[in-house]
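Student: For reference, the structure I am asking about is given below.
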Amino acid sequence: MTDRDRTPNNDTARTDMNPRSTSHPSSRPKLAQLARATTALVATLGMAAGLQAQAQAQPAAPQDEVFGRYEDLMTLPPELQAPTYRHMDRLYPTRTIQRGTHVHPLPEGKKIDVSYQVGDQRYGIDEFMARNRTAGLLVLKDGKVVLERYAMGNDAKTKWLSFSVAKSLSSTLVGAAVKDGFIASLDDSVVKYVPALRGSAYDEVTVKQVLQMSSGVAWNEDYLDPASDRRQMLRAQLAQEKGAVLKFMAQLPRVAPAGTRFNYSTGETYLVGEILAGAIKQPISAYLSKKIWAPFGMEADAYWQLDSPNGQEFTGSGVNATLRDFGRFGLFVLEGGVAGGKQVLPANWIADATRADPAQRLAPGTLKGFEPMGYGYQWWTFPVGEKALPNLDGGLFAALGIFGQQIYINPKEKLVVAIHSTWPKPIHGPSLVETDALLGALTAALRK
């Protein structure tokens, strides 16, 4: 495979694959193309939405239900998606993220029921759930549950696959490691913490450049292309050999100077995990439990995929947790990174990680093919002011994973929205358009 093959280089194709460009009516004819699209953005989209105070929960699916194989994760038939996403611990080795002794309360707020408009059609919450194959929807306003729904066999106890939502968890742990002094500076070289990468294309790359996916190292994130780097890394994961994924990453070539080109890469977030492991000298799941999961008060143990038995957490994906605990993670971030009465993150970490300053590199609207979004430290950012999406001004940012896993955080509105889904394709343009519309309708309704 040539360097050209490894990296997204068809600007027209990348623009067509950008789902949020379809938020405007003039762009909606591109949705059929979007449904077929498979680019780097595929990996980023993960969905968060809301829960209704008295959840209309369905019983959890039985433990003997049929589910798919890990090697088929990107192409599962619809009937296997939900069973598979809630049983990932049967497909690969995992490590427990332990909860603590108390639970952060999610009191009931005033219930809301909104409708949203797409084109000339108006839809309600039930229609959103059905049309977008939504398995869980949670909305937290001022820390209170104002909307909660479940479907597809899920309930409040279901532990569901994060896909790339885990990237934002991982980057937040880097902030904790900086606060604890394990990582001296984001300007440190990656090889300071991962010496196995010495002599590779990552030799002169900094921790910050990896967090911002700007290493300049070649990568093709296309989930549906068997020859892509992401699928090759998946085969390395399937081998279940300790160090196989890191060895694969060390072989990648450089295609641009470090810090000059954004290129979405799950491989880079795997390296975030290697950086963390080299710095904190303990399992990443244990560190997440110690710093956030237990002291903030998550209600259930979660688990994280490992790259091999007793190996390294696969930090680009692979966290299974309840929808409410994903919502609580959103609250932890919204409230400034405090858990158990202690400041877990540096004082300016969240602002730096989610900055949407139009003048900065990676600002919303500056990433060709990903407009209107920008990128921070493994968080997606959204435009503010005149360029903001309808009703979504206020510094909106999100953790996004494929097939519709998402956590949206709006600091101005004190709003967290989390969604679990089983989209028919990794990126599904119509669902993204409807999600933007729903988020705008929720925000407007909750201002009243």
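The values are calculated or read from the model by the stated rules, or taken from the named source; none is laboratory data. What you see is a predicted model, and the numbers here were worked out from it, not measured in a lab. With ideal geometry, Cβ positions are generated from the backbone for all residues, glycine too; neighbour counts draw on all protein chains shown. Remember, those area values only see protein heavy atoms, side chains included, never the ligands or the DNA or RNA. Shrake-Rupley method; radii C 1.70, N 1.55, O 1.52, S 1.80 Å.
Student: One residue is enough: does the stretch 332-342 have a residue meeting the conditions at pLDDT 95 or above, buried (at least 19 other Cβ atoms within 10 Å of the Cβ), within 17 Å of the chain's Cα centre (by Cα) and closer than 19 Å to HIS102 by Cβ?
Tutor: Yes, the stretch 332-342 contains a residue that is at pLDDT 95 or above, buried (at least 19 other Cβ atoms within 10 Å of the Cβ), within 17 Å of the chain's Cα centre (by Cα) and closer than 19 Å to HIS102 by Cβ.
Student: The conditions are (1) open to solvent by 10 Å² or more (accessible area, probe 1.4 Å); (2) in a loop (DSSP other than H, G, I, E, B), and SER308 fails exactly one of them. Which is it?
Tutor: (1)
Student: Specify which of the listed residues (PHE248, PHE262) is assigned to a loop (DSSP other than H, G, I, E, B), open to solvent by 10 Å² or more (accessible area, probe 1.4 Å) and at pLDDT 95 or above.
Tutor: PHE262
Student: Please list, ordered by residue number, the helices (runs of 4 or more DSSP H) wholly in the stretch 87-203 having 2 or more residues that are of a type in the set (A, V, I, L, M) and open to solvent by 10 Å² or more (accessible area, probe 1.4 Å). Let's see the steps before the verdict.
Tutor: Details: elements: 125-131, 165-180, 190-193.
Of the helices (runs of 4 or more DSSP H) lying wholly inside the stretch 87-203, those with at least 2 residues that are of a type in the set (A, V, I, L, M) and open to solvent by 10 Å² or more (accessible area, probe 1.4 Å) span 125-131.
Student: Now a separate question. Filter the stretch 282-293 for residues that are open to solvent by less than 20 Å² (accessible area, probe 1.4 Å) and either in a strand (DSSP E or B) or among the hydrophobic types (A, V, I, L, M, F, W, C) (or both) and give the result.
Tutor: Those that are open to solvent by less than 20 Å² (accessible area, probe 1.4 Å) and either in a strand (DSSP E or B) or among the hydrophobic types (A, V, I, L, M, F, W, C) (or both): ILE284, LEU288, ILE292, TRP293.
Student: List, please: which pairs have Cβ atoms under 6 Å, are six or more places apart or on different chains, and start with a residue in the stretch 100-117 that is free of Cβ contacts under 8 Å to residues at least 60 places away in the same chain and end with one that is of a type in the set (Gly, Ala, Ser) and assigned to a loop (DSSP other than H, G, I, E, B)?
Tutor: From residues that are free of Cβ contacts under 8 Å to residues at least 60 places away in the same chain, the pairs are GLU108/ALA53; LYS111/ALA53.
Student: Do you know which residues across the stretch 368-383 are crowded, with 18+ Cβ neighbours inside 10 Å and of a type outside the set (Phe, Trp, Tyr)?
Tutor: Hits for the stretch 368-383 are GLY369, PRO372, MET373, GLY374, GLY376, GLN378, THR381, PRO383.
Student: So how many residues does the stretch 413-430 have that are at pLDDT 95 or above and either assigned to a helix (DSSP H, G or I) or open to solvent by 30 Å² or more (accessible area, probe 1.4 Å) (or both)?
Tutor: Final tally of qualifying residues: 2.
Student: Quick one: GLN212 ticks every box in (1) more than 16 Å from GLY316 (Cβ to Cβ); (2) at pLDDT 95 or above except a single one, so which number is it?
Tutor: If we test GLN212 against (1) more than 16 Å from GLY316 (Cβ to Cβ); (2) at pLDDT 95 or above, just (1) comes out false.
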